[in-house]
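This report refers to the structure that appears directly beneath it.
The values are calculated or read from the model by the stated rules, or taken from the named source; none is laboratory data. Note that the structure is a prediction, hence the values are computed from the model and not measured. Cβ coordinates were reconstructed from backbone atoms using ideal geometry, including for glycine residues, and neighbour counts include every protein chain displayed.
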Amino acid sequence: MIHVSSMGQQQLAATSIPIFAQKAVDRVRVMLPDESRSTSAICYDDQFYVYVKFFSTLEAAHRKALLMYQRGSTVVLTRVPKGLVLWVLEPGACPVKRKIGKIDREF
């Protein structure tokens, strides 16, 4: 179970950093500008957010999310069984097409 102090809850609410269940967002692979390999991302509100880091506590996740938010990044958190994952908006990300049998699918 993840516990958060009342101060942490107040700061999280004040910055409007959303927290979603991992199952509530679509996981995808994306290509980033100037990168040769795809990376893990989620699709939320028709935009791609790339993986930043896993945190075992809400306090640690919130500290990093708040820091990135204060530096101008748009971030979201997702809950996973053992903690939270921080994702950052990447406007230049493009979904990777995967071949499944003879069908191309875009994720």
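Figures for the structure shown
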read-out: Neighbours by Cβ (under 8 Å, 6+ apart or cross-chain): first from segment 33-44, in a strand (DSSP E or B); second small (Gly, Ala, Ser); value: Ala41/Ala93
read-out: Residue under evaluation Arg37, criteria (1) over 14 Å from the mean Cα position of the chain (by Cα); (2) modelled with pLDDT of 95 or more, criterion not met; value: (2)
read-out: Top-ranked residue in segment 16-32 [being surrounded by 14 or more Cβ atoms within 10 Å (Cβ to Cβ) and part of a strand (DSSP E or B); ranked as farthest from the chain's Cα centre (by Cα)]; value: Met31
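Okay, residues lined up against (1) surrounded by fewer than 18 Cβ atoms within 10 Å (Cβ to Cβ); (2) under 17 Å from Arg29 (Cβ atoms); (3) out of contact with any strand residue (DSSP E or B) (no Cβ under 9 Å at 6 or more places or on another chain); (4) modelled with pLDDT of 95 or more:
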| position | (1), (2), (3), (4) |
| --- | --- |
| Ile42 | no, yes, no, yes |
| Tyr51 | yes, yes, no, yes |
| Phe54 | yes, no, no, yes |
| Ala61 | no, no, no, yes |
| Ala65 | no, no, no, yes |
| Leu77 | no, no, no, yes |
| Gly83 | yes, no, no, yes |
| Trp87 | no, yes, no, yes |
| Asp104 | yes, yes, no, no |
